[in-house]
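Report on the following structure.
The numbers here are math on the coordinates, done by the rules we state, and not lab data. Since we're looking at a predicted model, the values are computed, not measured. All Cβ positions, glycine included, derive from the backbone under ideal geometry; neighbour counts span all protein chains shown.
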Amino acid sequence: MITNYLPALPIIIMLLASIVAFICWHFYRIQKLATVLACAILLCVSLLLLYEVSRHQILIAYISDWQAPFGITLVVDKFSAMMLLLTAIVGLCVAIYSCADLNHQHIASGFYPSFCILLVGLCGAFATGDFFNLYVWFEVTVIGSFVLMSCGGRKIQLDGTVRYVVINLLATLILLTAIALIYGVTGTLNMADVARDIANMPSNGLITAISLLLVLALAVKAALFPLFFWLPASYHTPSFSASAIFAGLLSKLGVYALIRVCTLVFAYNTLIHNMLWVLGLLTLIIGILGAINQSNLRRILSFTLISHIGYMIVGLVIGTPLAIAAAVFYLFQHVLVKVSLFMTAGIIERYAAHHRLRKISALYRLHPWLAILFLIPALALAGFPPSSGFWAKVMLIMAAARQNASITIIVMLFVSLLTLYIIKKIWLQIFLRDQQKQLPKPALSQQDKLLLFIPTIILLVLIVIISLDPVLLFNFTRMISEQLLHPQQYINLVLRGIS
């Protein structure tokens, strides 16, 4: 029995889609259709969840009617609902895009079943209400992403996959150790129950050690400095469809978990917040410096992805309502921007028949629409006014100014300028530089062009809407911030009837 079925629906939908894809292993068209249809249904369900959460604040599912803290609990608040909506939007766009992006070998290697499994893990992680199931859903995402990363079987893919898996399994081991210690100290793994118990405990070395282990594991998942090196070594190797879903959602899962844990369980731990502040600033700087020296477009995007995760972490550690709202705002628009850029990079490689910047040129003259597809999300990434990234950074700078965090403001502005420099470098190199030789015409049918361009344009339109009218998203992220910073309602509703 499930007391409220809605929080479980996203998991069930994508699990059924993965089963269909496995059964139809040799029927590629059915796999594509099942995946796209499931993602479309997921989008409808996530919109329904968002509507219900806006009415009821928090939706809770007690699986098999086992009340918290004893059973498996699914909890969807405004933050979870937003992440589920992002998962549905990105999942649908990437699923459509993949129908033209993937070759026979990718599909034969199990791309679509693994893609659905990855979305199952993401939906589960965003909706879970206990630490052990957070670990389980992390493992599900690792399994799905492992296959997606190795689809194709090229040597460079296998090398990147091994690095990715080894580091993430190490992080998982640390996470499991932290969870075991949490259970040993509190006797429970329900997040709300753990938060209540730790709040009533005196601060001691064991609690600090547990919090450090937990944050360390999640920092690896979020690719914070100095634990980020697995990401640029692996995100440029798989198909562009896999890279897009990784950059958009997989890297944000760690950020989501950090925000959830630091606002719910370790809300008043000064050591954790100071450590994350330093790591966030170093991630901003080291990530963008790594991007400057790259020549592969996807590696550049991977390093800028690492760098800009630092903005979200800085918002988290400032910890004011405005800062948390800005961090969540930044997260939302950054998912759309990064997925759009990686998908556009795939189209650029199709048209230019090369992935190195120095081998590509004159694309603006030959394909002006392709240039626009790249330019708008790229300017949003740099925070060029009045883009979505600009509004997010303005809010972060305002929040930092109110806390007199001048060094943080300088670092954020410095990284924004370097990001703009990188965008200018890419633009001049591949769009405006004189053509040296005739580019081969891409072997794309009209159907393939539609499948590649339509989902990319959809993301572009969403970015433009947020850029021109950021008020709606900001008001929603402000409500998320209030909910995160006042977790007592979350705790009381999950543990209702427990004294």
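Annotations
- Once both labels are positioned 7 Å from their Cα atoms along Cα-to-Cβ, the gap between Ile285 and Leu468 label points is 4.0 nm.
- Separation of alpha-carbon centers, segment 382-401 and segment 134-197, rounded to whole Å: 32 Å
- Length-normalised contact order for the chain - Cα pairs under 8 Å, 6+ apart - percent: 15 percent
- Among the chymotrypsin sites (Phe, Trp or Tyr not before Pro) in segment 9-75, those placed in a DSSP loop whose Cβ has at most 16 other Cβ atoms within 10 Å are Trp25, Phe27, Trp66, Phe70.
- Amide H contacts under 5 Å for Gln294: none, restricted to partners 5 or more places along the chain or on a different chain, H placed in the peptide plane at 1.01 Å from N.
- Which listed pairs, of Lys32/Lys252; Lys78/Lys424; Lys78/Lys338; Lys78/Lys252; Lys155/Lys393; Lys155/Lys424, have C-alpha distances above 28 Å, in listed order: Lys78/Lys424; Lys155/Lys393; Lys155/Lys424
- Amide H contacts under 5 Å for Thr128: Val75, restricted to partners 5 or more places along the chain or on a different chain, H placed in the peptide plane at 1.01 Å from N.
- Estimated from the Cβ-Cβ distance and a Förster radius of 25 angstrom, the FRET efficiency linking Asp448 and Leu428 is about 0.30.
- nm² value of the averaged projected area, convex hull over the Cα atoms of segment 206-321: 7.0 nm²
- Kyte-Doolittle mean at least -1.0 and Cα axial length at least 30 Å: DSSP H helices in the chain: 28-56, 78-101, 155-186, 270-292, 297-318, 321-352, 406-427, 446-468
- Once the chain from Leu420 to Tyr51 is taken as fully extended at 0.36 nm per residue, the excess over their C-alpha distance is 129.1 nm.
- Three-way shape label, segment 133-176, alpha-carbon gyration tensor, a/c 1.5: oblate
- Entry note: the chain has Rg to Rh equal to 0.96, where both radii use alpha-carbon atoms and Rh is the Kirkwood radius.
- Cα gyration tensor shape of segment 15-137, rounded if a/c is under 1.5, else prolate or oblate by comparing a/b with b/c: prolate
- Taking a ≥ b ≥ c as the square roots of the eigenvalues of the alpha-carbon gyration tensor, segment 83-199 is classed oblate because a/c is 1.5 or more while a/b is no larger than b/c.
- Chymotrypsin sites (Phe, Trp or Tyr not before Pro) restricted to DSSP loop in segment 256-341 with at most 14 other C-beta within 10 Å: Tyr268
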